[in-house]
Amino acid sequence: MKLSKELCKNYKKYPEKILQFGEGNFIRSFVDWMVDDMNCKGLFNGSAVVIQPRKRDRVTVLNNQDGLFTLYLNGIKDGEAKSTHKIINAISRGINTYTDYDEFLKVAENPELRIITSNTTEAGIAFDEDDELTDRPQTSFPGKLTAFLYHRYKSFNGDNNKGFIILPCELIDKNGQKLKEIILKYAEKWHLDKGFIDWINNANTFCNTLVDRIVPGYPKDKIDKITEELGYEDALVAEGEVFHLWVIEGPKWIKDEFPVDKAGLNVLVVDDMTPYRTRKVRILNGAHTSMVPVGYLYGLETVKEAVEDEVIGKFVKKAIFEDIIPTLDLSEKELTDFANDVLDRFKNPYIKHRLISISLNSMSKYKTRVLPSVFKYKEIKGALPNRLVFSLAALIRFYKGEINGEHIDLSDNEDILQLYKGLWGNYDGTKEYLEKIVEEVLAYEKNWDMDLNNVDGLKEMVLEYLVDIEKKGITEAVKELMSNS
């Protein structure tokens, strides 16, 4: 038996209020889940019509299931591991622009449509020089959207009350601003009238957003068990962690039309999302990057193992609460609450997040995710944060490419790998040579955009920790670090 509206006891057809570009696991487990929650609480009374942004046909599967799918939310809540599931009833239908372009444009004529959202991957918000207004469809997502908006503008004779709240979910900085810039670029390229450009600027609200929820891929390795548990077949089963956060940079009145706050969802509408983006990058991503070389050299395999280990767990927590949080601008409660949520997410028993997977491009990750905390800490405290600096020393040792005689499968840009291969390949076991390694790594401006040897005290501290790791072993070195700090 396959999932359908006949199987969904509370199935309801809602008015189409949202145009959604993207049918993937993330946007369904994030936006559509929120819409379903608001509908169940009597706050929204709306559904999303899903537009397939790429050629592969996924909306047929969606339509065969009447827009329904089952969502599992797995994670730690109130200190306990929990797994719940629910049929999400928030999608009215899907449209494939490659086979039904006219129906896509017809949606623009719906006066109740008010919100546009998207998740087309980071590469989705891009300008395609070959796109034309006459294409059916345009290749790029912004090209399709521009054509859609132009049809809307013409259908309602430029009525400023028929614009949209536009909420892109692609993981790029200033996503709403960049999407608007590309749309205006198409308007210029296609020689669209000035009235349309004025309508884009005056009738539509483009919001920058930050989204945060871990959503793994389709659970093919356990779908048989899931099907048995559910008692029906669902080709679109999705899984997500319990934690969710959506920061929307825009006017407060958005909440009147999209009342996620009244539903109790973790959605913030703010004037400036910069502090929240910084918080996520520095705490969540920064903690990931800091723990990887230390935890891996220590002999651990996953994030969960690392944060639950007596020694490495303490290292991670102190790095977050004592080295990173003091450098951030939000209130102490906002920062500590987020940090505690992050630690719970790291412990999620339903997600196996391998340290070696996170180690991809660790040098550039350290630069963007950790180094700003090092600089800010030094500026505020007049000293270097020892755990974050220890992590840099461990990273240099990690790039030696072996631990206890076993090969480490390093994954980085070729120039980085060659740098370390040359340095560690000639290592003679002396402290003097370790100093040479530290100096050359810190001087590698192609990665750092500066010579880190010029940061007062950094070379000396990294060298001290690297000597400890190399001579005493990571276990003794990290224990000594924690006892001294």
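Only the coordinates and a few stated rules stand behind these numbers; no lab work does. Quick caveat: nothing in here was measured; it's all calculated off a predicted structure. Neighbour counts are summed over all protein chains in view; Cβ atoms, including those assigned to glycine, are modelled from backbone coordinates with ideal geometry.
Structure notes:
- Shape class of the range 16-271 from the Cα gyration tensor (axes a ≥ b ≥ c, square roots of the eigenvalues): prolate, since a/c reaches 1.5 or more and a/b is larger than b/c.
- Cross-link partners of residue 41 among lysines (Cα-Cα below 23 Å; sequence separation of 8 or more within a chain): 5, 9, 12, 13, 17, 77, 82, 86, 252, 255, 262
- Taking amide H atoms as placed 1.01 Å from N in the peptide plane, the amide H of residue 116 lies under 5 Å from those of 19, 165, 166, 167, each 5 or more residues away in sequence or on another chain.
- All Cα pairs of the range 171-211, percent lying beyond 14 Å: 49
- Projecting the Cα positions of 266, 33, 92 onto the charge dipole of the chain (unit charges on Cβ atoms of Lys, Arg, Asp and Glu, taken about the Cα centre) puts 92 furthest along the positive direction.
- Antiparallel DSSP beta bridges within the chain, as percent of all bridges there, nearest 5: 35
- Rounded to whole Hz, the Karplus (6.51, -1.76, 1.60) HN-Hα couplings of the range 384-390, x for glycine and proline: 8, x, 5, 5, 5, 6, 4
- Here the range 321-351 is scanned for amide nitrogen atoms under 16 Å from the site 7 Å beyond the Cα of residue 80 along Cα-to-Cβ, giving 349.
- Relative to one another, the C-alpha centroids of the range 170-245 and the range 296-325 are positioned 33 Å apart.
- Counting Lys and Arg as +1 and Asp and Glu as -1 over every other residue whose Cβ lies under 13 Å from the Cβ of residue 163, the net charge comes to +1.
- By the equivalent-ellipsoid construction on the alpha carbon gyration tensor, the range 275-484 comes out with semi-axes of 26, 20, 16 Å, ordered largest to smallest.
- Per the Debye calculation on the range 89-189 with a single equal scatterer at every Cα and no solvent contribution, log₁₀ I(q)/I(0) for q = 0.13, 0.15, 0.22 Å⁻¹ amounts to -0.46, -0.62, -1.40.
- Isotropic mean projected area of the C-alpha convex hull, the range 66-111 (nm²): 5.3
- Radius 12 Å from Cβ of residue 181, net charge of other residues (Lys, Arg +1; Asp, Glu -1): +3
- In the chain, the alpha-carbon atoms span a convex hull of 164 Å³ per residue.
- Chymotrypsin sites (Phe, Trp or Tyr not before Pro) restricted to the range 393-459 and DSSP loop, no more than 13 other C-beta within 10 Å: 427
- Taking amide hydrogens as placed 1.01 Å from N in the peptide plane, the amide H of residue 268 sits under 5 Å from those of 246, 247, 248, each at least 5 positions away in sequence or on another chain.
- This model, with +1 at the C-beta of Lys and Arg and -1 at the C-beta of Asp and Glu, gives the chain a dipole about its Cα centre of some 1060 debye.
- Its Cα centre serving as origin, the range 89-242 has a Cβ charge dipole (Lys and Arg +1, Asp and Glu -1) of approximately 600 debye.
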